[in-house]
Amino acid sequence: MTITLWHNPKCSTSRRVLADLQAGGHDVRVVEYLKTPPDRAALADMLTAMKARPADILRRRGNDELLAGEPAGGYGDDALLDLMAQHPILIERPIARSPKGAVLCRPVERLAEVL
């Protein structure tokens, strides 16, 4: 079973998930999503696999400038997908996907849900 990991090597949580997968002998397809950003369709597909909405994987920490224009009620799903496609740093990480589904691995223990 191949597991796709949306990974940021600068993130300690992402590095730990990758190490856990490799230690477990899993076939891992690493996608450094900041170098190879997913387009809007790929983001929507991942969210469908996660049974999640864009706000569920929005990384707010460190992104105040990008989110400065956020309306009082928050961004809608379409607007967030557009923002994340334009600025992949807004995507929380790591995200692991297997044939069993997809999950944001925060905390790391959530990885077990797709293994």
Can you tell which of Asp56, Asp64 is over 12 Å from the mean Cα position of the chain (by Cα) and surrounded by fewer than 18 Cβ atoms within 10 Å (Cβ to Cβ)?
-> Asp64
Where residues in region 1-42 are closer than 23 Å to Asp77 by Cβ and assigned to a helix (DSSP H, G or I), which of them is nearest to the chain's Cα centre (by Cα)?
-> Ala42
Are any of the residues in region 31-38 at pLDDT 95 or above, surrounded by 17 or more Cβ atoms within 10 Å (Cβ to Cβ), in contact with a Pro (Cβ under 7 Å, 6 or more places away or on another chain) and under 17 Å from Glu109 (Cβ atoms)?
-> no
Leu47 being farther than 19 Å from Glu109 by Cβ and at pLDDT 95 or above | yes
May I ask you to list the residues in region 43-86 that are of a type in the set (A, V, I, L, M, F, W, C), part of a helix (DSSP H, G or I) and under 21 Å from Glu113 (Cα atoms)?
-> Leu43, Ala44, Met46, Leu47, Ala49, Met50, Ala55, Ile57
For Leu80, are the conditions met, namely being out of contact with any Lys or Arg (no Cβ under 6 Å at 6 or more places or on another chain) and over 23 Å from Arg29 (Cβ atoms)?
-> yes
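The values are calculated or read from the model by the stated rules, or taken from the named source; none is laboratory data. All values derive from a computational prediction rather than experimental measurement. Cβ sites come from the backbone with ideal geometry, for glycine too, and all protein chains shown count toward neighbours.
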